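The values are calculated or read from the model by the stated rules, or taken from the named source; none is laboratory data. Model, not experiment: these values are computed from the prediction. Methodologically, a virtual Cβ is constructed for each residue, glycine included, from the backbone with ideal geometry; neighbour enumeration extends over all protein chains shown. These accessible areas exclude ligands, DNA and RNA; they are computed on the full protein's heavy atoms, side chains included. Shrake-Rupley method; radii C 1.70, N 1.55, O 1.52, S 1.80 Å.
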Amino acid sequence: MATVNDILEFFEEFAPVESAMDFDNVGLLVGDKDKFVRRALVSLDITPEVVEEADRLGCELIISHHPVIFQPLKSLAAGSAPYLLAQKNISAVCMHTNLDLSEVFGVNLCLAEAVGLKNPIRSDKGECMFTGFLEKEMNADELAEHVKFALDCRGLRYTSANNSIKKVAVASGSGGSDIFAAAAEGCDALVTGEIKHHEINAANSLGVSVVEAGHFKSENVVISPLIKRLGGRFDDIIFTKSKIYGDKVKFC
């Protein structure tokens, strides 16, 4: 029977902990590495509701992208996600920027695949940016509609700095700061989760179109492929995607 440590060692094959950015907190954040795992819940984040979901399903482990403990804890509030994990004896494995940066399997590779980029490669100019080429040229309106459908977005924001888009950069989550790297790489557009106002201004000046799909939608794209990858290695563990977690963002 597989343990939490077996799962950690599997992650080392494609998203090693040491490859995470310096500010990050990744790996086994709650629990015992020697615990046997029969069921695991996989979610972008670990919230109290996700912990309760895992408990109802009888899971010994939750695997998430965002760290359930990021800043050092000065207190442990009853009802918080770390408190509930400890109370219910559920371990937490969190793989964040190491999964963003992976050139084998990771968030940005899954985003690039969903967008339809051919042979995406990691750029050494951005933080977590990958670049690739669309199969056919699109204008900004077409690219936005394509991303909206591919990521199942209820809505998104986009700009039309140009209308001839072939080379595209992807930077999941709050990757808007990579707009400068996207321009330096000669990209026609950047697909990201979040971008700031001054970065949109820069994009317009640089002639790079932007598609802002939302942090959740740009990263949740990794969850189902990750479950498939984990299930392919550990056929004795039931991996389940969280049905509870979502960013609850509405569009009017």
Being open to solvent by 10 Å² or more (accessible area, probe 1.4 Å) and either at positive phi or among the β-branched types (Val, Ile, Thr) (or both) is true for just one of Ile90, Ile7, Ile63, Ile69. Which residue is that? Ile69
In segment 111-130, the residues that are open to solvent by less than 10 Å² (accessible area, probe 1.4 Å) and either of a type outside the set (A, V, I, L, M) or under 20 Å from Lys228 (Cα atoms) (or both): Leu111, Ala112, Val115, Ser123, Phe130
Just checking, does segment 182-189 include any residue being under 19 Å from the mean Cα position of the chain (by Cα), assigned to a helix (DSSP H, G or I) and surrounded by fewer than 24 Cβ atoms within 10 Å (Cβ to Cβ)? no
Residues of segment 204-233 being farther than 26 Å from Asn163 by Cα and in contact with an Asp or Glu (Cβ under 7 Å, 6 or more places away or on another chain), in sequence order, are Phe216
Taking segment 50-59 only, how many residues are in contact with a helix residue (DSSP H, G or I) (Cβ under 9 Å, 6 or more places away or on another chain) and open to solvent by 30 Å² or more (accessible area, probe 1.4 Å)? 2
Quick one: which residue in Asn162, Asn201 is more than 22 Å from Ser43 (Cα to Cα) and modelled with pLDDT of 95 or more? Asn201
If we keep just the residues of segment 208-252 that are free of Cβ contacts under 8 Å to residues at least 60 places away in the same chain and open to solvent by less than 20 Å² (accessible area, probe 1.4 Å), which is nearest to Ala182 (Cα to Cα)? Val208
Residue within segment 34-44 that is farther than 22 Å from Val222 by Cα, modelled with pLDDT under 95 and either touching a strand residue (DSSP E or B) at 6+ places or on another chain (Cβ under 9 Å) or not aliphatic (A, V, I, L, M) (or both) present: no
